[in-house]
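Please read the structure below before turning to the comments.
The values are calculated or read from the model by the stated rules, or taken from the named source; none is laboratory data. Keep in mind that this is a model prediction, so the values were computed, not measured. All Cβ positions, glycine included, derive from the backbone under ideal geometry; neighbour counts span all protein chains shown. The protein model used for the area step is the full one, side chains on, heavy atoms only, and it has no ligands, DNA or RNA in it. Shrake-Rupley method; radii C 1.70, N 1.55, O 1.52, S 1.80 Å.
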Amino acid sequence: MTETVRVRTLAAGDWDAVVALERDAYTGLGLSEGRAALESRAAASPDTCFVVDVGARTAGYLLALPYPPHRYPDLTRTEKTGGAFEPGNLHLHDIVVAPGLRRRGLARHLLHHLTATARARGDERISLVAVGGTERFWSARGFLAEPGVVPAGAYGDGAVYMSRPVAAVRQPRARPSLSPPAPTLREVS
């Protein structure tokens, strides 16, 4: 991919593309929420919702919002504005990449951006509900299943609540110097 990849905060002009991506990804699973629900989730936490652009094209999006551990948005309702929960757990509600652009690392870009955002906010965990058989995908990214949290049918058959700690910032390891120590100078009186 030679075009520029950029993750940025979701803006008002992105909604047509986001709604189309969401509809295409979730209608077959019976989980498409529609524009009003999606916009309500982003309005509840606008600083934790992003799009990824490839060149001038919106290639994917991510919606996340603070939720207490073991809780998640109700797909049948819109989010209450101003009802966002305190930092601690950031719930990754939706992440979608356009079908023709998958397997190019775009979801990884979004997930890294979300992790950095969670760390900056002071969140300790990121949670999600794996749907449509994606549990293995999320397990490979450090998320652990917590069976029994999502009632049958709430997010489709086989939905699994998962979470992982927010990764600490990696400190670069000091590399041993191959050059001899610098000479020290003594004052002569």
Practice problem: Kindly indicate which of Gly83, Gly13 is surrounded by fewer than 20 Cβ atoms within 10 Å (Cβ to Cβ), at pLDDT 95 or above, over 16 Å from the mean Cα position of the chain (by Cα) and more than 18 Å from Pro99 (Cα to Cα). | Solution: Gly13
Exercise. Among the candidates Glu187, Glu124, Glu146, Glu135, single out the residue that is modelled with pLDDT under 90 and among the charged types (D, E, K, R).
Key: Glu187
Practice problem: Please work out if Val51 is open to solvent by less than 10 Å² (accessible area, probe 1.4 Å) and among the β-branched types (Val, Ile, Thr). | Solution: yes
Quiz item: Mind checking which residues of region 90-134 are basic (Lys, Arg) and farther than 10 Å from Ala59 by Cβ?
Solution: Arg103, Arg108, Arg119, Arg121, Arg125
Quiz item: Does Thr27 count as β-branched (Val, Ile, Thr), buried (at least 17 other Cβ atoms within 10 Å of the Cβ) and free of Cβ contacts under 8 Å to residues at least 60 places away in the same chain?
Solution: no
Quiz item: Filter region 113-139 for residues that are of a type outside the set (A, V, I, L, M, F, W, C) and free of Cβ contacts under 8 Å to residues at least 24 places away in the same chain; which is surrounded by the fewest Cβ atoms within 10 Å (Cβ to Cβ)?
Solution: Arg136
Self-check item: Every residue from region 90-105 that is at pLDDT below 95, open to solvent by less than 70 Å² (accessible area, probe 1.4 Å) and at negative phi
Solution: Gly100, Leu101
Quiz item: Which of the residues that make up region 30-48 are open to solvent by 50 Å² or more (accessible area, probe 1.4 Å) and in contact (Cβ under 8 Å) with a residue 40 or more places away in the chain?
Solution: Gly30, Ala36, Asp47
Quiz item: Looking at Val160, is it in contact with a helix residue (DSSP H, G or I) (Cβ under 6 Å, 6 or more places away or on another chain) and open to solvent by less than 10 Å² (accessible area, probe 1.4 Å)?
Solution: no
